[in-house]
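I have placed the structure first, in the form of structure tokens, so that the comments after it can refer back to it.
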Amino acid sequence: MQLGETITQFITQEQRRTGGTGDFTAVLNDTLTACKAIANAVNKGALVGVLGSAEKENVQGETQKKLDVISNMMMLKSNEWGGHLAGMASEEMDDVYPIPDGYPVGKYLLVFDPLDGSSNIDVNISVGTIFSILRCPDGVTRPTAKDFLQPGTRQVCAGYALYGPATMLVMTTGQGVNGFTLDRNVGEFILTHTNMRIPESTREFAINASNGRFWEPPVKRYIDECLAGKDGPRKENFNMRWVASMVAEVHRILTRGGIFLYPKDTKDPTKEGRLRLMYEANPMSFIVEQAGGVSTTGRARILDIEPHDLHQRVPVILGSRQEVERVISYHTS
Ligand code: AHG
Ligand code: MN
Ligand code: MN
């Protein structure tokens, strides 16, 4: 039996090709270590007492799960010491996390959702970690929130770990999308899914239909047409899925196509959307576009949005090109 190509080999080779310094490879390695540690905690679950609520609220006003807090800590501790980052920002922290005194400061910024889909933890359904790597602006050694507020087009790397039946790591550095599966006995992510591509057409959609009465007319129209199936204007039956873990939905779409919508709605007029631009929408949009898909708010390309707040929320519609373009056209017609 032969050991496949490890993710470290893969990114080191990419680094040699592009003449990189190794800083980026080092950041990614530390993030992978955190993902393996989170996978381990998620996997052991109740055996090690990590399920349930932490009985605290995050800056988003959401009650944190114990695993939200543990995963956040694992990402911070695994990444703070390496000397390649200048700061971190997380969905679970109000403010930017500076590199603690005593560690060297580097040229990258790391942004993450330490545990995505955390409503699924206690019921043993897939969850994940989403991350994005940005460059720290030149000359900045103590970054503040404004240094992180870069459009998604400026991401150096985006990825997610999916803690499902198998633990997988899917990432892009702007040269396509590759997927790696964790071999627990070896302790390495091994390349298993080369150059992942999203099929252009699909007959499967994902949306939280309980919000239906709050949707805008273009989304209502699109979903109504899907639901009408063979008897409606689309003249085809559609299938529906809703995992409530964006990581799992995006992974399904990367594997067999589909469209995912968490659109703008009127449920809470103070929020522009449900998903967070910096921690969820931007990294996933980078991956989806690199795999040949489309990602939009319905009215604008997500990667072009100029962020105004670290915790800003946006509408997200992403996936198979033909379907997402159809939804965009409903927003303009
Ligand atoms: P998080 O667990 O990081 O707060 O994110 C959950 C997100 C996303 O993953 C998922 O698609 C969506 O929220 C689920 O929303 P509903 O609870 O409305 O189903
Ligand atoms: Mn999330
Ligand atoms: Mn989260």
*On the given criteria, is Thr31 surrounded by fewer than 19 Cβ atoms within 10 Å (Cβ to Cβ) and either aromatic (Phe, Trp, Tyr) or in a helix (DSSP H, G or I) (or both)?*
no
*Within region 35-63, how many residues turn out to be touching a residue at least 40 places away in the same chain (Cβ under 8 Å) and out of contact with any helix residue (DSSP H, G or I) (no Cβ under 8 Å at 6 or more places or on another chain)?*
7
*asked:* Please determine whether any residue of region 95-108 is among the aliphatic types (A, V, I, L, M), in contact with a helix residue (DSSP H, G or I) (Cβ under 7 Å, 6 or more places away or on another chain) and surrounded by fewer than 20 Cβ atoms within 10 Å (Cβ to Cβ).
replied: no
_All but one of (1) away from ligand 3 (no atom under 16 Å from the Cβ); (2) in contact with a helix residue (DSSP H, G or I) (Cβ under 6 Å, 6 or more places away or on another chain) hold for Val243; state the number of the condition that does not hold._
(1)
*Tell me, which strands (runs of 3 or more DSSP E) wholly within region 247-333 include 2 or more residues that are at pLDDT 95 or above and either touching a Pro at 6+ places or on another chain (Cβ under 8 Å) or under 23 Å from Leu149 (Cβ atoms) (or both)?*
294-296, 316-319
*Name the pairs whose Cβ atoms lie under 7 Å apart, with the first residue in region 113-130 and touching a residue at least 24 places away in the same chain (Cβ under 8 Å) and assigned to a loop (DSSP other than H, G, I, E, B), the second hydroxyl-bearing (Ser, Thr, Tyr) and more than 7 Å from ligand 1 (Cβ to nearest atom), and 6 or more positions between them or separate chains?*
Gly117/Ser126; Ser126/Tyr163
_Ala26 within 22 Å of the chain's Cα centre (by Cα) and either part of a loop (DSSP other than H, G, I, E, B) or at pLDDT 95 or above (or both)_ = no
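The values are calculated or read from the model by the stated rules, or taken from the named source; none is laboratory data. All values derive from a computational prediction rather than experimental measurement. Neighbour counts run over all protein chains shown; Cβ positions are idealised from the backbone, glycine included.
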